[in-house]
Each structure stands twice: as C-alpha cells, then as structure tokens.
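Peer 1: I have a structure here, written as structure tokens, and I will follow up with some questions on it.
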C-alpha cells in the first residue's frame with residue numbers, strides 16, 4: 001500500500017503505512033529515521049520487515065539531522081494520538097538519532113515498548129560535554145533542553161549498544177537513570193549496531209521477541225545475527241588493525257585493514273584507519289586513496305575530510 005502523509009512541517013514528515021488495506025493490525029510501530037536518511041530512496045525505515053509481521057507502521061521522518069525538535073513532534077502528536085489510540089500495542093523504533101526520538105517521545109505517543117539502537121541521551125553540549133560527535137547538528141533554537149527525562153519515557157525500553165564504545169555506553173547509562181532500560185550488548189559493532197540486523201527476517205524476529213517481552217530471546221536473536229554478519233567480521237579485523245597500528249606493527253595493520261574492508265567495502269571508518277596506517281608507512285598515494293574513498297561515502301563528515309587532509313599533507 002502507498003503510505004499517506006498525516007503531518008508535515010519544516011522539520012519532520014509523518015506517514016502512515018498500514019500492513020493491509022482495510023484491516024487494522026493490533027500493533028503499531030512508530031519508526032523514526034536515523035541521521036542522513038534518504039527518504040526518497042529508502043522510505044520509512046524497516047517498513048517491509050515490520051509489515052511482514054502484519055504491523056501497521058507510522059514513519060516519523062526527520063527532514064534533516066535535527067534530533068526531532070520537541071515543538072514539531074508535539075504538533076505531530078496531535079494528529080497521531082487519535083490514530084494510535086486504536087492499537088492495543090505500540091512500539092517505538094529507531095537507530096542513533098532515531099533511537100533518541102523513539103525514547104524521548106515514547107510517553108507522548110503512549111508506547112508500550114521501545115527498541116532503540118545506539119541512542120543518545122542528548123546532543124546538547126550542556127548535557128553531554130563528553131560527546132562531541134554530533135555537536136555540529138545542535139541548534140539552540142531547536143534543541144535546548146532536549147535531554148531525556150523520566151517523564152518522557154513509557155513502556156519497556158530495550159537498548160542495543162556496544163559496551164566497548166565508551167561514549168555510547170555512557171549515553172545508555174544516563175538513559176537508564178531515567179527509565180528502566182534493558183541492554184542488548186553489541187560487542188565490536190561500534191556505533192553501527194543496526195548493521196547486523198539489516199535482514200528483514202532477523203529484524204522481524206527481533207521485533208517479535210520485543211513484543212513478547214522476552215529480553216533473553218531478543219538478546220539471542222541479536223547475538224546470532226551479530227556473530228554471522230559480515231560487519232561483525234569486518235569489525236573484528238578493524239579492531240585488530242587499530243591494535244597493530246598502536247603497536248607499530250604496520251604490515252600486520254595493513255593486512256587487517258584490508259580484511260576488514262573486504263568484509264564491508266563501504267564502511268568509512270575502516271577506510272580511514274587504512275589511510276592512517278599508510279601515512280605511518282609513508283605511503284602517501286595509498287593514504288590519499290583510502291581517505292578519498294571514505295569521503296566519497298559521506299562528504300558531510302568533517303573528520304573524514306580531516307583524515308584526507310592529513311594524508312595529503314604527509
């Protein structure tokens with residue numbers, strides 16, 4: 001079925017995508033878009049997987065990397081809540097920026113469950129001076145006071161994050177102080193914990209476990225998906241490459257970088273590490289080539305550009 005727009009302003013777009021025409025599912029999923037989401041190409045995040053479970057889907061799409069300004073979401077909720085009231089179960093879902101939105105507005109939307117992949121508690125420098133990754137997207141006129149508070153949260157919150165990525169774990173720890181949140185560990189996945197569950201079947205199995213309230217099953221679904229994913233294998237090789245680089249074992253570092261990129265050719269962080277190893281090996285052309293490939297994947301990332309400049313200056 002074609003999705004229909006139920007709210008739109010300068011910041012967000014909200015669409016409804018029922019699983020089947022004329023038949024209302026007992027379950028609604030509010031799917032929040034992540035950073036840099038290409039809505040024209042990808043549509044509502046996870047729509048196909050969710051509809052395969054006969055869930056009705058409401059896409060809450062950020063038109064830019066704006067972290068879901070409260071004024072826009074509250075306006076959207078006026079149109080959404082009468083529709084959501086007809087469902088017996090409501091799940092909020094999102095990754096990174098979308099995960100923030102899923103948790104932050106779970107009470108506003110009356111959610112029973114939240115599945116949040118690598119969420120932020122806030123990107124306001126006043127709230128999280130220890131995380132600068134998304135600071136360029138903070139706008140005081142839109143995001144001041146954006147931190148997740150106890151009153152913002154409803155339902156059972158399940159967070160998937162990599163405990164080895166200290167900054168993401170810290171966000172989880174702060175969120176857990178505001179709500180009862182369960183952790184699904186995503187070791188060696190860095191911030192990209194969504195990658196192992198890109199398969200429609202895996203994501204559907206994870207949602208079923210969440211809806212059943214079975215955290216042990218949800219952890220097992222994710223663990224098996226992580227272990228079998230190309231991203232996980234690439235991440236292991238990338239971790240080895242970083243270790244070897246720090247040890248000065250540059251031949252081994254290059255080999256590990258190459259193996260990581262073979263698993264995930266479009267993972268920019270793997271390419272940037274390879275560039276830095278080539279700089280240390282005084283292989284300027286190879287360093288520039290690797291960094292250029294990363295920049296081409298996302299020209300908006302300033303630190304990708306910085307690594308390229310470092311390669312060019314080497």
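The values are calculated or read from the model by the stated rules, or taken from the named source; none is laboratory data. It should be emphasised that the depicted structure is a prediction, and the values quoted were computed from it without experimental measurement. Backbone-built Cβ (ideal geometry, glycine too); neighbour counts: all protein chains shown.
Peer 1: Does residue 225 qualify as being within 19 Å of the chain's Cα centre (by Cα), within 30 Å of residue 56 (Cα to Cα) and touching a residue at least 12 places away in the same chain (Cβ under 8 Å)?
Peer 2: Taking the combined requirement at face value, the residue satisfies it.
Peer 1: Given the criteria outside any helix (DSSP H, G or I), within 26 Å of residue 97 (Cα to Cα) and modelled with pLDDT of 95 or more, does residue 193 qualify?
Peer 2: When the stated conditions are applied, residue 193 passes them.
Peer 1: Let me ask you something else. Whether any residue in segment 24-45 is under 18 Å from the mean Cα position of the chain (by Cα), crowded, with 18+ Cβ neighbours inside 10 Å, farther than 20 Å from residue 119 by Cα and in the same structural domain as residue 206 (by TED's automatic domain parsing) is what I want to check.
Peer 2: Yes, that holds for at least one residue.
Peer 1: Please note which helices (runs of 4 or more DSSP H) are completely contained in segment 218-294 and include at least 3 residues that are at pLDDT below 95.
Peer 2: Output list reads 230-247.
Peer 1: Are there any helices (runs of 4 or more DSSP H) wholly within segment 3-101 with 3 or more residues that are modelled with pLDDT under 95, and if so which?
Peer 2: 39-42, 47-52
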